[in-house]
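Enquirer: Below is the structure I would like to discuss, written out as structure tokens.
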Amino acid sequence: MVSSKSYKSSSGPEWNPNQIINPNITDTNKLITASQRFKLAIQYLGKGNLNEAEKIMMELIKMEPDNPELLHYLGIIKFKQKNYAFSVKFIQQALYYRTNWAEAYHNLGSSLIMLGDFNNGIINFKKAIELKPSNPEALVNLGNMLYLQKRYDEAEIFYKKAIKINPIMSCVYSNIGFLFMAQGKFEEGEKNCQKETELNPRMPMAFYNLGLLLMIQSKFKEAIINFKKTLELSPKFYGAYSSILLSMQYQDGISNIEWQKELNNFKNILKNIPRFNNYENELNIEKKLRIGYLSADFFTHSCAWFIKPLLASPSNRKIEIFCYSDVNFEDDLTLEFKNMAEHWHDTSRISDQSLAEQIINDKIDILVELTGHVSKNRWEVLAIKPAPIQVSYLGYQASTGLSVIDYKLSDRWLAPDNIEEYFSETLWHLNRPVHCYSPPEITPPIGDLPVLTNGYITFGSFNNFCKISEKTIELWSEVLSAIENSKIILKSNISSQSSAKVIKDKLLSLFEKYHIEPERINFISSAKNVYEHLEYYNQMDIALDTFPYNGATTSLEALWMGVPVITLFGNKALSRYTYSFLQELELSDLATDNTIDFVKIAVNLKHDVKRLDYLKKELRNKLKSSRLLDSGNFAMELENAYRKMWEIWCLKNKLTY
């Protein structure tokens with residue numbers, strides 16, 4: 001993870017935002033010379049008044065179409081407007097008239113990166129460094145690209161060169177911190193992020209990056225402290241609010257009062273954003289509904305196996321699907337999603353305002369946000385409310401906290417009517433599990449029950465390690481202590497061997513605290529692909545769920561591979577995923593709300609090898625015949641829900657249209 005300051009453009013040699021022109025002159029026609037116009041445009045640019053800066057620069061270019069300075073600055077303006085294609089066009093024109101211009105090559109590289117052209121971006125960064133080796137921004141940006149390509153040693157060289165030139169340059173220490181984290185050097189990573197907060201104590205991003213690094217290490221309380229420091233410096237830093245709310249979900253014992261307070265804090269920073277209300281959507285209950293899905297997860301990701309059923313469009317459906325994809329790095333699954341959707345917009349490189357306008361112009365009736373506080377999100381877009389109805393679903397089952405989001409899609413097991421957890425949205429229960437799983441088309445065959453060969457029970461969890469709280473380790477240790485000679489296998493998506501070792505040592509020390517010997521714990525390295533990942537489940541007799549943040553995809557993967565899952569469910573939606581799945585499969589005896597019964601369930605299963613063998617052979621068939629895999633039933637129920645939401649909207653607004 002690289003800080004959000006990455007790939008910024010640099011100024012040309014004459015850009016001086018501090019140069020003051022007569023502030024009373026606002027009519028550019030009253031300026032006597034082109035030079036004064038140019039300086040005013042630069043002043044506007046420095047203050048962020050991009051439209052005025054662009055207007056003047058375009059006028060000047062009409063007078064001097066071959067002026068490289070003007071073309072370069074127009075390219076910078078377009079970059080800041082997130083119009084990267086035009087930024088590339090104008091900077092390339094500038095370089096045609098003035099070659100060997102380091103700043104222009106650097107800015108061209110930044111624009112190309114934002115367009116996804118990484119190879120040519122790197123080429124231009126290298127050209128900029130060749131022409132001006134003392135440019136720290138180009139060095140950092142090149143380091144960032146090498147980092148993303150996992151060329152960590154090379155990235156570190158360029159980061160350190162940048163520091164040598166500018167020891168207090170913003171964000172470079174954070175970037176080194178994340179680089180060290182990727183290599184498993186958590187202590188060094190934390191030191192570098194901490195150093196940035198000391199060098200730049202007024203820079204919000206420094207504390208935010210430190211918080212992210214702490215969060216990745218499951219140091220949630222310390223992470224929240226830094227996210228709150230971020231907000232002290234930048235009260236409208238939406239990402240910090242999301243990270244606080246997500247960190248709270250990983251912790252046990254957070255009261256409803258604390259939770260609601262933080263949700264209200266988040267809601268308050270967005271309340272003054274002007275809402276759109278001049279909808280031109282046809283007020284017709286029976287019409288074909290235009291459904292928009294907004295997500296940064298349209299790629300190979302744990303949520304992807306639930307997105308496919310959303311996009312499936314049987315010929316008799318009366319909905320039209322629009323996808324707004326915020327994916328930075330597309331893959332084969334992205335292309336598959338593109339082919340499934342009737343309309344596809346790559347929104348990853350456009351502004352919030354432009355995205356909101358696109359949704360309004362598409363006349364979306366119901367906009368469904370699929371990421372919540374988990375990953376890249378578009379809170380300002382949702383605050384504008386570009387669609388009459390907005391729904392939260394899938395990637396994040398807790399509340400968003402926003403009143404502009406009308407409904408939270410759920411089910412009666414995940415979020416029953418009497419659930420203690422606070423939701424700002426109206427809960428809308430489908431008449432079925434709210435999740436519909438679409439397993440990979442090519443999956444491994446189910447193997448034999450391991451205990452029959454090993455002579456001992458093998459437990460396991462393939463959940464992300466940040467879900468494995470100390471309370472989870474304590475509970476799993478009780479299970480292992482109760483069942484002699486049993487073992488547990490753990491796996492997470494950590495590709496770096498050094499990172500895996502650090503986390504492994506941490507988990508081993510926790511198991512040792514609860515008297516479990518290290519030889520009873522087996523760590524599996526990251527799988528090369530999804531097929532190999534699923535095949536690892538054949539080494540497992542029984543899966544143990546995490547708490548308070550349950551597995552979702554991992555629980556369904558285990559069940560798909562014939563492995564029963566024991567779950568401890570709680571009083572918030574994120575601790576009830578597996579409980580919801582087991583209820584549908586009529587396996588509710590594998591779920592409990594207390595730790596004593598959790599251990600008893602494991603012991604009972606250990607003694608019932610006949611049942612374990614039956615489940616190994618039949619769980620996949622049970623899944624196939626359940627509503628959890630019934631995409632047709634899911635499509636029908638979902639469309640019915642959308643239709644009823646739309647009917648409510650129409651009846652409520654008929655007189656105001």
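Enquirer: Measure off, as a whole percent, the carbon and sulfur share of the 1.4 Å-probe accessible area of the chain, all protein chains present.
Expert: Ligands and nucleic acids excluded, carbon and sulfur give 49 percent.
Enquirer: In Å and from the alpha-carbon atoms only, list the Rg and Dmax of the chain.
Expert: Calculated on Cα positions, Rg and Dmax stand at 27.1, 92 Å.
Enquirer: Taking only C-alpha pairs under 8 Å that are 6+ residues apart, what is the relative contact order of the chain in percent? It would help to have the intermediate numbers written out before the result.
Expert: Working: 1126 pairs, mean separation 63.1, N = 657.
Computed over the chain, the figure is 10 percent.
Enquirer: Between Leu452 and Asn272, what length comes free when the chain is fully extended (0.36 nm per residue of separation minus the Cα-Cα distance, one decimal in nm)?
Expert: Working: separation 180, 0.36 × 180 = 64.80 nm, distance 6.33 nm.
So the chain would gain 58.5 nm between Leu452 and Asn272.
Enquirer: If I model a spin label at Ser509 and Ile168 as a point 7 Å from the Cα along the Cα→Cβ vector, what separation in nanometres do I get?
Expert: Here the answer is 3.5 nm between the modelled labels.
Enquirer: Tell me, what is the percent relative contact order of the range 73-161, built from C-alpha pairs under 8 Å that lie six or more residues apart?
Expert: Across the range 73-161, relative contact order equals 19 percent.
Enquirer: Along its principal axes, what span do the Cα atoms of the range 590-649 show, with the longest given first and each in whole Å?
Expert: Largest first, the range 590-649 extends 54, 29, 6 Å along its Cα principal axes.
Enquirer: At 25 °C and a viscosity of 0.890 mPa s, what translational diffusion coefficient does Stokes-Einstein give for the range 249-318, taking Rh as the Kirkwood radius over Cα pairs? Give it in µm²/s as a whole number.
Expert: For the chosen part, D equals 144 µm²/s.
Enquirer: Cross-link candidates for Lys185: which aspartates and glutamates have Cα within less than 14 Å, leaving aside residues fewer than 8 places away along the same chain?
Expert: Asp153, Glu156, Asp505
Enquirer: Loop only per DSSP, at most 14 neighbouring Cβ atoms within 10 Å: give me the trypsin sites (Lys or Arg not before Pro) in the range 187-281, ordered by residue number.
Expert: Hits after loop and neighbour filter: Arg202, Lys236, Lys271, Arg275.
Enquirer: Now for a separate question. Efficiency by 1/(1 + (r/R0)^6): what FRET value for Glu280 and Thr443, r their Cβ-Cβ distance, R0 = 56 Å, to the nearest 0.05?
Expert: Once the sixth-power term is evaluated, E becomes 0.75.
Enquirer: Treat every Asp and Glu Cβ in the range 505-657 as -1 and every Lys and Arg Cβ as +1, leave all other atoms uncharged, and give the resulting dipole magnitude about the Cα centre to the nearest 20 debye.
Expert: Result for the range 505-657 is approximately 500 debye, rounded to the nearest 20.
Enquirer: Taking the Cα centre of the chain as the origin and placing charges on Cβ (Lys, Arg +1; Asp, Glu -1), which of Phe180, Leu246, Ile61 is farthest toward the positive end of the dipole?
Expert: Ile61
Enquirer: Would you mind working out the magnitude of the charge dipole of the chain relative to its Cα centre, with +1 at each Lys and Arg C-beta and -1 at each Asp and Glu C-beta, to the nearest 20 Debye? Walk me through the intermediate numbers first.
Expert: Working: 75 positive and 76 negative charges, 266 e Å.
My answer is approximately 1280 debye.
Enquirer: Please report how far the C-alpha centroid of the range 558-623 lies from that of the range 114-167, rounded to the nearest whole angstrom.
Expert: First find each Cα centre; the distance between them is then 50 Å.
Enquirer: Could I ask something else about it? Could you sort 428-434, 648-654 so that the peptide with the highest average Cβ count within 10 Å comes first and the rest follow in order?
Expert: Descending packing order for the listed peptides: 428-434, 648-654.
Enquirer: Name the aspartates and glutamates eligible as straight-distance cross-link partners of Lys80: C-alpha to C-alpha under 15 Å, and not fewer than 8 places from it in the same chain.
Expert: Reachable aspartates and glutamates: Glu52, Glu54, Asp352.
Enquirer: Going through the cross-link list Lys191/Lys221; Lys39/Lys89; Lys288/Lys572; Lys221/Lys606, which pairs have a Cα-Cα distance over 25 Å in this structure?
Expert: The answer is Lys288/Lys572; Lys221/Lys606.
Enquirer: At 222 nm, what helix-only mean residue ellipticity would the chain give, in deg cm²/dmol to the nearest 500, using -39500 (n - 2.57) for each DSSP H run of four or more?
Expert: Value at 222 nm, helices only, nearest 500: -15500 deg cm²/dmol.
Enquirer: Quick check on packing: order 249-258, 452-461 by the mean number of other C-beta atoms within 10 Å, highest mean leading.
Expert: Sorting 249-258, 452-461 by mean packing, highest first, produces 452-461, 249-258.
Enquirer: Efficiency by 1/(1 + (r/R0)^6): what FRET value for Gln92 and Leu199, r their Cβ-Cβ distance, R0 = 41 Å, to the nearest 0.05? Let's see the in-between values first.
Expert: Working: r = 36 Å, r/R0 = 0.88.
In this case the efficiency is close to 0.70.
Enquirer: Let me ask something else about it. As I understand it, the dipole of the range 427-540 uses +1 on the Cβ of Lys and Arg and -1 on the Cβ of Asp and Glu, about the Cα centre. Which of Leu452, Val434, Leu508 lies farthest toward its positive end?
Expert: Final value for the positive-end residue is Val434.
Enquirer: If I model a spin label at Asn51 and Glu342 as a point 7 Å from the Cα along the Cα→Cβ vector, what separation in nanometres do I get?
Expert: According to this spin-label approximation, the distance is 3.3 nm.
Enquirer: Which aspartates and glutamates, on any chain, are close to Lys55 with Cα under 15 Å apart, when same-chain ones fewer than 8 places away are left out?
Expert: Hits, sequence-local ones excluded: Asp27, Glu64.
Enquirer: Can you give the accessible area per residue of the chain, in Å², using a 1.4 Å probe?
Expert: Spelled out: the 1.4 Å probe surface of the chain, per residue, equals 43 Å².
Enquirer: Sorted by average packing, counted as other Cβ atoms within 10 angstrom per residue and highest first, what order do 399-408, 523-532, 70-79 take? Numbers along the way, then the final one.
Expert: On the way: 399-408: 21.8, 523-532: 13.8, 70-79: 26.2.
For the peptides 399-408, 523-532, 70-79, the packing ranking is 70-79, 399-408, 523-532.
Enquirer: Could you tell me how far the Cα centroid of the range 49-92 sits from the Cα centroid of the range 276-331, in Å?
Expert: 35
Enquirer: To the nearest 10 degrees, how steeply does helix 50-63 sit against the main Cα axis of the chain, on a 0 to 90 scale?
Expert: 40
Enquirer: Can you tell me, using C-alpha contacts under 8 Å and at least 6 residues apart, the relative contact order of the range 298-350 as a whole percent?
Expert: Computed value for the range 298-350: 46 percent relative contact order.
The values are calculated or read from the model by the stated rules, or taken from the named source; none is laboratory data. Everything quoted here is computed from the prediction, not taken from an experiment. FYI the Cβ positions are ideal-geometry reconstructions off the backbone, even for glycines, and counts take in every protein chain you see. These area figures cover heavy atoms from the full protein model, side chains too; ligands, DNA and RNA do not enter into them. Shrake-Rupley method; radii C 1.70, N 1.55, O 1.52, S 1.80 Å.
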